[in-house]
Amino acid sequence: MTSTVAVLFQPLGRRGQVPAGISVLEAARRLGVGLSGVCGGRGACGTCRVVISPDDRDALSPVSDPERERLGEEEIAGGVRLACRAFIQRALQVFVPPESLTASQRTQVEGRQTPVRIDPVVVPADLHLSPPTLSDLRSDAERIRDGLGRPVRVDLEVLRHSPPSLRGWDWATRAVLRGDEVVALLPPGTPLIGVAVDLGTTKLAGYLLNLETGETLASAGAMNPQLAYGEDVMVRITYALQEPEGAERLRWAAADGLARLVVDLCNQAGLQPEHIVEAVVVGNTAMHHLYLGLPVRPLGLAPYVPVESAPLDVRAREVGLPLAPGAMVHLLPNVAGFVGADHVAALLATRMDEADRPTLLLDIGTNTEICLAVGGNLFSCSAASGPALEGAHIRFGMRAAPGAVERVRIIEGRVYCETVEGAPPVGICGSGVLDAVAELRSAGFLNGRGGWMDTDCPPLLSGDNGPEFVLVPAESSGLGRAITISRKDIGEIQLAKAAIAAGWQILLEEAGIRESDLARVLVAGAFGTYIDIGHAIAIGLLPRLPLDRFEQVGNVAGTGARMALLSRAERERAARLARRVRYVELTVHPSFRERFAQALRL
């Protein structure tokens, strides 16, 4: 029998028993600690840094070669370990630095609102039923049908809950119908409530809505718990295929994250999860498949086709959502292997199909979905921008949590930084790195290839990755050491922005128009909400156009999900949109390599 040991994660105060011999990263996953693991636990990214006190260092396996490669001798001497390469031998305490946490980070839930006619797929019927007597022995279900005045099916779970409910409410109830089926029996006067969720690769965004008025009762964001298994969708697909029960762990992580989000929303609104009668979930194709437990092997191998691309309706209970007994979850259609329902929802919210002038939409994230609307056509692609824009693969990178540097300005050679919530700097998030690169280039410290200029460059620190520019000196840092940016960090941003720029340039090429022909550019997503558009233009991430042609629209995927929740007509429109999109696969496009190489320049 495997022995267990006690592990305490600080400063979270999370403790529990775990099997001896597992990694610190796996222990964090089992105890629900949001410890970053960008590479999926292969020791390649260095994002799962933890600190071990001198008294507990012999509680772990010896420092491994991957750790010596990723960590400097100074860090190792200070007790820093990679959680994925450190295996637990006995009880210990683990300190998780802020930059290694995936929780308590800023999420983007708000987005541009689009008016919609309220016409939900579920409708209420207020019933006052007569109780059974010795002369009236009709079943509960028969009384419901007679009260409705038409034959309907009653979901099995609703039947199981009906006897105590109907009798406790003195035979008055609000029946909720979805087509010809009763999916819930609610207490009299209960409003019809629905939930919409944007299941992002990195973040979850949830919205609780009154389906009769359209009012948003609560909104909340959270980190996707699947982050513990890798930040990139391909890493997660690989984990699902190669690890025993890997796919089930990822499915459970997504389901658990959504369930917790629903409870949080209900707590905000003072409602009960079992009163939610309908849900809409959108996400990219990989998130869609992992959440539903669909095979992901076809997504991981060329030609990257989904198992299902049509709209789906599944029971909430089948996917781990604690809603009304018979509630359904509607999933919008996917377009292709890497362009999913979240993109369709964004198109729905921005009304891209109605664009009367050339319009470009970029939903920037770990995977960046891009759509060009021109001449009544919709061209879409997915750019593998990677997690660098979320702060990953950057030496001091982190997500937009308190203390993350999010704004950088260099004025007369002096660096000025702003952090999330004004907290002491402990790292730098994607918008901050982008600012830093643009400012360093503008100040003449970087050349077009992203290298340091030989002249007029301020003194640089010597680091593990070569010369490093100091953004925050050690005395001003919340880490007790300088926060810097290296040539390698700059290279990560170049790779990300080149993938995105090559994507929109190829769509322009496919449509036969020029960059200057674009009348509007909509920038969406959490990263897109917080970036400085001028800086993004300066480094070539976005088209070189006047600023008044750009609009930052927030989480329009979440807006589209809400629209589909409120209106059956919007669901039908989404299905038509998905069929209209002309998908462009960048990896096999003849211009991609050339465009990508050109776009690497700053």
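The values are calculated or read from the model by the stated rules, or taken from the named source; none is laboratory data. Computed from a predicted model, the values in this text were never measured in an experiment. In this analysis, Cβ positions are derived from the backbone assuming ideal geometry, glycine residues included, and neighbour counts consider all displayed protein chains. For accessibility, only protein heavy atoms count, side chains too; no ligands or nucleic acids. Shrake-Rupley method; radii C 1.70, N 1.55, O 1.52, S 1.80 Å.
General remarks:
- Straightening the chain between ASP56 and ARG297 buys 82.6 nm, computed as 0.36 nm per residue apart minus the Cα-Cα spacing.
- Positive dipole terminus of the chain, leading residue within GLY200, VAL183, VAL63 (C-beta point charges): VAL183
- Taking every protein chain into account, the 1.4 Å probe leaves CYS381 with about 0 Å² of accessible area, to the nearest ten.
- Dipole of the chain computed with +1 at Lys/Arg Cβ and -1 at Asp/Glu Cβ about the Cα centre; of VAL553, ASN367, ALA401, farthest Cα towards the positive end is ASN367.
- Charging the Cβ of each Asp and Glu at -1 and of each Lys and Arg at +1, and nothing else, the dipole of the chain about its Cα centre rounds to 540 debye.
- FRET efficiency estimate (nearest 0.05) - Cβ-Cβ, ASP454 to GLN268, R0 45 angstrom: 0.20
- Per residue, in Å², the accessible surface of the chain once ligands and nucleic acids are set aside, probe 1.4 Å: 40
- The dipole here belongs to the stretch 467-527: it is taken about the Cα centre, uses +1 on the Cβ of Lys and Arg and -1 on the Cβ of Asp and Glu, and is about 120 debye.
- Taking label positions 7 Å along the Cα-Cβ direction at both ASP548 and ASP119, the computed distance is 3.8 nm, reported to one decimal.
- Accessible-area composition of the chain, carbon plus sulfur, in percent [1.4 Å probe]: 50
- Antiparallel content of DSSP bridges confined to the chain, in %, to 5: 70
- With the helix formula -39500 (n - 2.57) applied to DSSP H stretches of n ≥ 4, the chain reaches a computed 222 nm mean residue ellipticity of -9000 deg cm²/dmol.
- Under 5 Å, built H, 5+ apart or other chain: amide partners of SER385: THR368
- Length available on full extension from GLN89 to GLU212: 0.36 nm per residue minus the Cα-Cα distance, which gives 38.6 nm.
- In the assembled protein chains, HIS535 presents an accessible area of approximately 20 Å² (probe radius 1.4 Å).
- Per-pair calculated FRET efficiency, R0 = 22 Å: ASP180 and ARG568 via Cβ, rounded to 0.05: 0.90
- Residues ALA575 and ARG150, FRET efficiency given R0 of 25 Å [Cβ-Cβ distance, rounded to 0.05]: 0.35
- Residues whose placed amide H lies under 5 Å from that of TYR583, excluding near-sequence neighbours: SER380
- With a simple spin-label model that places each label point 7 Å from the Cα along the Cα-to-Cβ direction, the separation between TYR583 and ASP356 comes to 3.2 nm.
- Nearest 10 degrees, 0 to 90: helix 487-511 Cα axis against the chain principal axis: 60
- Accessible area ranking (1.4 Å probe, heavy atoms, ligands and nucleic acids excluded), largest first, for TRP452, TRP169: TRP169, TRP452.
- List LYS488, LYS203, ordered by accessible area with a 1.4 Å probe, largest first: LYS488, LYS203
- Remark: the LEU137-ALA519 segment gains 130.6 nm on full extension, using 0.36 nm per residue and subtracting the alpha carbon distance.
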